[in-house]
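Remarks on the structure that follows.
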Amino acid sequence: MKKGGKKFDDKISMGPTPIWYKARHPAVIKFSHKDLEKKGQQIISQMEAAKEKGMTVIFYSGIIGSIPGKEAMARKIMVTHIRFLKEQSVNTFIINPAEHGEPGMDADDLMFMWEIVQRSGLIDIWRFQSYDDIVKAFQIMKTKVPPEWVGKDATFSTGCTKEMKIALEVQKEHTEMQIIGPSQEKFLRRQEYGIGKMYDRRLDEIYAI
C-alpha cells in the first residue's frame, strides 16, 4: 500500500499498552462457582430431607428486584404470602429466594445458585407469583395495593422469566412436576426485548456483527 510515494505497513504500532489494576474494596464480596455450588447443595439437602419425610417440595418464584426501590417490600410481600400458603397447607416445604438471600450476591450469582437447586429434580410444584398472590399479601398486611404493584406478577421479573424457561426444561425431564401461576405465553412474549437475559441483548447483536 502506497501513499505519497512511500510504502508503509498496514499494521501500525501503538506502543506498549498500559494496564492499570484497581484493588477491590474490602467491603466487596465475591463468590466463586465453588461457593455458589456449596450454597445450592445446602438447600438441596434441605429439600432431600423434606422429601424423606414425605413432604411436598414447592419452589416459589416471585418479584424481588424488578421494581426499582421496592426490593424490601417485594421480599415482605413474598414472605407474607408464603406464610399464608404454609398455614393453608400441611406437609409442604416451600423454597423461595426471599428467605434464602445472601449479602453481596449479585443477580448472576443468585441465578447460578438457584439454577443448581432448580435442576435438582426434587421440586414437586413450581409456583410463579400471580397478581392474586400480591393482592392477598396486601390484604394480610391490611393495606391497599400501591400503584406500582397493581397488575404485577412474576412475568414482570427478569429472573422469573429466566426461571420459567428453566422450569419448562426441567418439566421435560420430570414430567410429574407441576407449574402453577401466570401462563407461559405471558413470560415468553417478552424475550424479544432481552427480558430474562442477564445481559443487554443489543450488545449481543452488535457483537454478532
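Observations
- Residue-count net charge about LYS172 - beta-carbon cut-off 12 Å; Lys, Arg +1, Asp, Glu -1: -1
- Contact order normalised by residue count of segment 31-208, Cα under 8 Å, 6+ apart, percent: 27 percent
- Segment 62-77 residues near the modelled ALA107 label - backbone nitrogen below 15 Å, point 7 Å along Cα→Cβ: 62-71
- Theoretical FRET efficiency, 1/(1+(r/R0)^6), r = Cβ-Cβ of GLU173 and VAL79, R0 35 Å, to 0.05: 0.70
Every number in this text was worked out from the coordinates using simple rules, so none of it is lab data. In this text, all values refer to a predicted model and were calculated from it rather than measured experimentally. Cβ coordinates were reconstructed from backbone atoms using ideal geometry, including for glycine residues, and neighbour counts include every protein chain displayed.
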